[in-house]
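Reviewing the structure listed below.
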Amino acid sequence: MRIDCIINGKNRSFDIDPTMRLRDMLLINGNFAVRDSDDCEGFCGSDTVLVDGTPVYANLVLAGEVNGCEIRTPDGLGNSQHLTIVQQAMIDAGVVQSAYNAPAAALLLTWLLEKNPNPSKEEIGKESESFQGGDQGCLKRNLHQRRRL
Amino acid sequence: MKLALEKMKGGCYKSEIAPSFRPELEVIGKPGAKIDGPQLVSGERAFVEDYVTPDTCYMVVLRSPHASAYINSIDDSEARKVEGVIEILTAYNTPETHYMQAGQGNPEPSPHDRRLFNLKVRHVGDRVAAVIAETLEAAKEACSKIKVDYEVLPAVFTVEEAMAPGAPLVHNGIVEYRSGAPADLDEYNKKAGDPREGKVIYQFPLHADIHKNIAASNKGEIGNVDEAFAHSDAVVEATYQTSQIQHTPLETHLCFAKMEGGRLTVYASTQVPYHVRRIVGWVTGLPENKIHIIKTRVGGGYGSKQDILIEDLTGYAAFVTGRPVFCHNTREEEFIANSTRHPMRVHVKMSGNKDGQITGIFMEVCANTGPYGNHCLTVPMNSCSKTLPLFKCDNMRYDLKVYYTNTPPAGAYQGYGTPKGTYGLMMAMAELADKLGIDYKDMVLKNHVEEGYMLEILKGLGEGREGNVVPVGSCGLDEAVRKGCDMINWGKKEVSSDPDWKIGKGFAMIMQGSGLPGLDHSEAIAKLETDGTVILNSGGADIGTGLDTISAKIVAEILKLPMDRITVNSGDTDSCAFDTGAYASSGTFFSGNASVVATRKLKDMIIKEAAFQMGEKEEDLDVRAPGEVYSKKTGKTLSYYELSHTACSGTGHGQMIAHGTFTTAASSVPYGAHFAQVAVNTRTGEIKVQKFYALQDAGTPINPEVALCQMYGAVMKSIGHTLHEDMILDKKGRCLTANMTDYGVPMISEAPEDFKAVLIDVNDEFGPFGAKSISEIACNGAAPAIGIAIHDACGVWIRNWPMTPEKVLKALGKI
């Protein structure tokens, strides 16, 4: 199936199986900072991308679903020579450590600020629950009621 | 977010990012951009998976469904017919070389008790075969077509089962010693079982007895503990149990290896590049000059990447096939076939007098090392050697035994045994204070060590050799305890408006080390390039903790160079010199000190060459910003650019390159105290950590903002261990919680409402610019602090982590 979409502002076309995971399609496109930390479980958020302005786990979206959509990936923010304010602030705050999903966190925080330029602490916490921060360990989503026995 | 918003609105940060230390220094002790930050945050190529080439083959491992079984036969004929399959590796076509996967100093204090593939599988998830194929799909399909005939054996999963008379033996093969073999070894080996058991080879005696499932043991005493117990006002005795937990790095273990020009190149996400090279060399038979380890950025280590868990097999696969091979663990494999924290049973007996003086301490540690002995001696020893030296007590005894079982393997994990020993000892001290009717804070203040106190207990606690008896060095322990007590209003009872919720407070003293004196070894090579910039080749392994930034700051500070004129290249075994690696909290102290030695030598070379070029005396010259030599006598200057350019002009003395080696017998111990305020719902058993204050003496925090985040991260991890995380095994040894959703890492909603990390300012005599370690120690305090706070809240001692609502309700007698 032919998939036409916009990735980080550029028109892209793929002739691929529409049941392919969106992450795999993005890897073909070279967006390798869309990573997998949880066997596609939708827990850690390392595979976060924006589809038409909405954060999704790229491992839980099929390529066929993004036909005609606009996609933003973590590497579509600033590059290492020209960082965005959010990326630079993350480094300055000391939270970029092992950083396996720091790019995805930067994307999510950027999206949050674009949506709401004056977020409260609670709003930041709520939105970042879709993440597991490896070093800070405090950004994780409670998708299911967890076993606590 | 706060910083970004401030910059967006006002063009600059208004908040203080982190405190600064050492005003006399330019960059050390100041918050500043982590040098690998831009690469990492922008999603540039950084991790192993980013370097995999399109022609790469994939490797998938077939794993044992049984906790213990002999392999009778393996039929891979159908699997080999799958299109794209290159090779299938099993015990039948791989070397019989016995080794172990712990990345420790050589000779290791761990037994060589495994091969690449064994003919006896010892845990669910143990390697049975590996398929190398041109696609991942082909490798998986071929794996599913391998037929294995197992002879299933009985298994043991706990230390109690392992120590029981007549228990099934995890290892029952031939025992060998590289040194120190006992006189009766031949007699001992007559009891060896089936040849498929393989061998257990000790580099030196670990006081083991595989016929009792004992992988290692140790014991020692100072003073007379029994005498102390007999003549004290009160004695408490309790057992504290910890669960099996996993590191859960966001980047699961992975490796990419390829042959090029007769050499094996391995891209590794590792804490120990040089140990990887040595062990890959052992299994392939290649000498070290034929192996090139490239440590990429590491997406989370926490000790699990101190072990060579995937590089051995991937390196071997690339070597025998001649094809580039990539292997990437699934999350399930991380849990069942990787490494975990050793589950431990810590039995403590402690005595004291009415004046609060602790008179005697006995620790009995029983640890579960799983099927193989990675770190089997040293992790449990750390539960004693990094806890007992907190106490000024003349009578102390420890007795530790480590058992083989058929659980998923255990290994190194941030804290390295200390979190469990600290849990037992601090809880016992709180129980003793409670029994004596003494304020726990007063007891802590009366019994903690201080600078100069001679640590006799360390004599028997070396890592496989006699330990160094040293006095306590720089020590911020007292300040951490007093400051934390003030912060949390120690002694003030908090009351909830909801009668179901009871609030309590607790804290724990903590310590760790800064590497292993007498064992660890670091090197660095500092090069002045022809334009006056510097490249530092550090053997150290930055695993995200900021070690490369520390090395860059050291160069900047000594040579007075701007940070952007310094590049740190680290963990590459071809271009850098030997370093034992990033473990035992050694990075800052050892690798940082090697950078200091190399850079000071380079400075000496610069001064000497400048004296020649300037026609001045060396003693009249010094360096200054932005990278030049100046004469205090004549006022003349010479830039590093001019200096180096002339030296490399064809008629000069050549490039200035300095090599620094750092080893030491000195011990720089970080101290601290962690405080918790918890609320316990006595109707539901729910526990909320309302406040957590982590106060630590890290010497000079070279990267203060990174250091603070290391503390926050480690505390969150240890809150997870304390309250939630647990690898639950069924009766056949299968892990029921081998995914992120079921396992139980803490969520953002479970972060303490009031969460502070505080750096106690202490300047250490031996550390680079006074620095000590920061991260591992931060894993040690949460369990006892929360456990003691739970008792303060509702009067029950939870002596088993994770401290779940169910355990609280049981202790309260409600279920």
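The values are calculated or read from the model by the stated rules, or taken from the named source; none is laboratory data. Note that the coordinates shown come from a computational prediction; the quantities given were computed from them, not determined experimentally. For neighbour counting, all protein chains shown are included, and Cβ atoms are generated from backbone atoms with ideal geometry for every residue, glycine included. Quick note on the areas: whole protein, heavy atoms, side chains included, nothing else; ligands and nucleic acids left out. Shrake-Rupley method; radii C 1.70, N 1.55, O 1.52, S 1.80 Å.
Only one entry of B:234, B:238, B:208, B:228 meets the criterion of being touching a residue at least 40 places away in the same chain (Cβ under 8 Å) and closer than 16 Å to residue B:177 by Cα, and that entry is B:208.
A quick yes/no check of all residues on (1) open to solvent by 20 Å² or more (accessible area, probe 1.4 Å); (2) over 30 Å from residue B:291 (Cα atoms):
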residue	(1), (2)
B:310	no, no
B:335	no, no
B:340	no, no
B:354	yes, yes
B:397	yes, yes
B:400	no, yes
B:412	no, no
B:426	no, yes
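Output the residue which, of all residues in the stretch A:114-149 that are outside any loop (DSSP other than H, G, I, E, B) and at the interface with another protein chain (Cβ under 7 Å from one of its Cβ atoms), is modelled with the highest pLDDT. The qualifying residue modelled with the highest pLDDT is A:124. Across the stretch B:374-397, what is the total count of residues that are assigned to a helix (DSSP H, G or I) and either farther than 28 Å from residue B:409 by Cα or outside the structural domain of residue B:478 (by TED's automatic domain parsing) (or both)? Of the residues in that region, 2 qualify. Here the strands (runs of 3 or more DSSP E) wholly within the stretch B:69-150 that include at least 1 residues being at pLDDT 95 or above, more than 23 Å from residue B:411 (Cβ to Cβ) and out of contact with any helix residue (DSSP H, G or I) (no Cβ under 8 Å at 6 or more places or on another chain) are B:69-75.
None of B:593, B:569 is out of contact with any Gly (no Cβ under 7 Å at 6 or more places or on another chain) and touching a residue at least 40 places away in the same chain (Cβ under 8 Å) except B:593.
Pick from B:7, B:34: which is in a loop (DSSP other than H, G, I, E, B), facing chain A (nearest Cβ under 7 Å) and under 23 Å from residue A:74 (Cα atoms)? Exactly one residue qualifies, and that residue is B:34. Among the conditions (1) touching a residue at least 60 places away in the same chain (Cβ under 8 Å); (2) out of contact with any strand residue (DSSP E or B) (no Cβ under 6 Å at 6 or more places or on another chain), the only one that residue B:382 does not satisfy is (1).
Residue by residue, here is whether (1) more than 12 Å from chain B (Cβ to nearest Cβ); (2) in contact (Cβ under 8 Å) with a residue 40 or more places away in the chain; (3) open to solvent by 10 Å² or more (accessible area, probe 1.4 Å) holds:
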residue	(1), (2), (3)
A:46	no, yes, no
A:68	yes, yes, yes
A:71	yes, yes, no
A:83	no, no, yes
A:87	no, no, no
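Number of residues in the stretch B:79-97 that are exposed (fewer than 13 other Cβ atoms within 10 Å of the Cβ) and over 23 Å from residue B:284 (Cβ atoms) equals 2. Residue B:369 fulfils the conditions (1) under 25 Å from residue B:111 (Cβ atoms); (2) assigned to a helix (DSSP H, G or I) except for a single criterion, (2). Residue count for the stretch B:3-40, restricted to those that are open to solvent by 50 Å² or more (accessible area, probe 1.4 Å), over 30 Å from the mean Cα position of the chain (by Cα) and over 15 Å from residue B:709 (Cα atoms): 10.
Restricting the stretch A:51-66 to residues that are within 14 Å of chain B (Cβ to nearest Cβ) and among the hydrophobic types (A, V, I, L, M, F, W, C) leaves a set whose member that is least open to solvent (accessible area, probe 1.4 Å) is A:58.
Scanning the stretch B:110-124 for residues that are touching a Phe, Trp or Tyr at 6+ places or on another chain (Cβ under 8 Å) and within 20 Å of residue B:162 (Cβ to Cβ) yields a count of 6. If the condition is being open to solvent by less than 10 Å² (accessible area, probe 1.4 Å) and within 14 Å of chain A (Cβ to nearest Cβ), then the stretch B:312-333 contributes only B:331. Mind checking which residues of the stretch B:161-178 are surrounded by fewer than 19 Cβ atoms within 10 Å (Cβ to Cβ) and in contact (Cβ under 8 Å) with a residue 60 or more places away in the chain? B:161, B:163, B:168, B:178, listed by residue number. Of the residues making up the stretch B:527-542, not a single one is in a strand (DSSP E or B), out of contact with any strand residue (DSSP E or B) (no Cβ under 6 Å at 6 or more places or on another chain) and free of Cβ contacts under 8 Å to residues at least 40 places away in the same chain. When residue B:454 is tested against (1) over 22 Å from the mean Cα position of the chain (by Cα); (2) open to solvent by less than 10 Å² (accessible area, probe 1.4 Å); (3) within 28 Å of residue B:204 (Cβ to Cβ), just one condition goes unmet, and that condition is (2).
With respect to the stated conditions, residue B:554 is among the aliphatic types (A, V, I, L, M) and either open to solvent by less than 10 Å² (accessible area, probe 1.4 Å) or free of Cβ contacts under 8 Å to residues at least 40 places away in the same chain (or both). Within the stretch B:241-269, residues that are more than 11 Å from chain A (Cβ to nearest Cβ) and open to solvent by 10 Å² or more (accessible area, probe 1.4 Å) reach partners that are assigned to a loop (DSSP other than H, G, I, E, B) and among the basic types (Lys, Arg) with beta carbons closer than 7 Å, at six or more positions or on different chains, in the pairs B:241/B:799; B:244/B:341.
Scan the stretch A:91-109 for residues that are free of Cβ contacts under 8 Å to residues at least 60 places away in the same chain and open to solvent by less than 20 Å² (accessible area, probe 1.4 Å) and the total you get is 9. Within the set B:737, B:684, B:700, the sole residue that is away from chain A (no Cβ under 12 Å) and among the β-branched types (Val, Ile, Thr) turns out to be B:700. Restricted to the stretch B:415-511, the set of helices (runs of 4 or more DSSP H) holding at least 2 residues that are over 22 Å from residue B:803 (Cβ atoms) and touching an Asp or Glu at 6+ places or on another chain (Cβ under 9 Å) comprises B:440-447, B:477-487.
Within the stretch B:715-734, being crowded, with 24+ Cβ neighbours inside 10 Å and away from every other protein chain (no Cβ under 12 Å) holds for B:722, B:733.
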